[in-house]
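Before any comments, here is the structure.
Here, each number is a calculation from the coordinates, and none is a lab measurement. Nothing here was measured: the structure is a model prediction, and the numbers come from that model. A quick note on method: Cβ atoms are made from the backbone with ideal geometry, for glycine too, and the neighbour counts reach across all protein chains shown.
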Amino acid sequence: MRDLGRASVQIVHDLKNQLNGLKLYATFLRKRLEKAGRPADELETVAKLLAGLERSATDMNLLVRYGRPLTLRPAPRGDLAKILTAALGDEVKIKVGGNTFTGDFDPAALTEALRDITDGALHSRVHAGDAKGPLEISLSRDESGGAPQAMIEWASVRHAAAEDLFHSFAGSHGMRMALAAKIIRAHDGDATHEADKLRVSLPLSKDEK
């Protein structure tokens, strides 16, 4: 299985390079059409072709990243509340319950993961045809198991299908969700999808509350 995984990553990597080559040819064609003053519908067709190739190349890159081992660069005593707020921006309201959320986190990787989980949650609501009301996000501290953990929850996440959003691999959002879960687990945390809730747990430092 390990050999198959390595072979799959190499195949996807080669396909990504071929897509990048097609993008170069399509870009050259677009410039030639623009220079020749071709009709707008022809230029629009090439623009759509380029956009499709760009999406496919991005998806291939996500698959390559998912198939390779993650290398984290954790910073000691990172503030998870600040990382979460910075990742989601001021437009998203986060309910914070607890005093401190300090731990050893890779801020860049975790920012990417938390942003992609939120985008995936929002996308699933739109896809399900039920995007009314704000997405509810909360951050709390849990010490019921002895070791302190941060719990991040995305509530009111409705999905048209029954599959786990962290394991669907459906489209760009599905692949980003899977990669986000891998980043969370690389931090010794966990990412789960139950009913209409997404939950992420991350270990915290033991010396602070």
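Using R0 = 25 Å, the C-beta based FRET efficiency linking Leu43 and Ser172 works out to 0.50.
The value of relative contact order for the chain, using C-alpha pairs under 8 Å at least six residues apart, is 19 percent. For the chain, the longest principal axis of the Cα atoms and the long axis of helix 40-67 meet at an angle of about 40 degrees.
May I have the convex hull volume per residue, in Å³, for the Cα set of the chain? Write down the numbers at each step before the final one.
Values: hull volume 34.4 nm³, N = 209.
It comes to 164 Å³ per residue, whole-number rounded.
Neighbours of Ala26, meaning other residues whose beta-carbon lies under 12 angstrom from its beta-carbon, give a summed charge of +4 when Lys and Arg score +1 and Asp and Glu score -1. Taking 29 Å as the limit for the C-alpha separation, the pairs Lys82/Lys182; Lys48/Lys82; Lys182/Lys206 exceed it in the case of Lys48/Lys82.
Only aspartates and glutamates eight or more places from Lys23 in sequence, or on another chain, were considered; those with a Cα closer than 18 Å are Asp14, Glu34, Glu42, Glu44, Glu54, Asp59.
Descending by average beta-carbon neighbour count within 10 Å, the peptides 195-206, 174-185, 141-152 line up as 174-185, 195-206, 141-152, the highest first.
Shown is the FRET efficiency for Leu50 and Ala155, computed with R0 = 30 Å from the Cβ-Cβ distance and rounded to the nearest 0.05: 0.20. Give me the Kirkwood hydrodynamic radius of the stretch 20-92 in Å, from all C-alpha pairs, to one decimal place? Final number for the Kirkwood radius of the stretch 20-92 is 16.1 Å.
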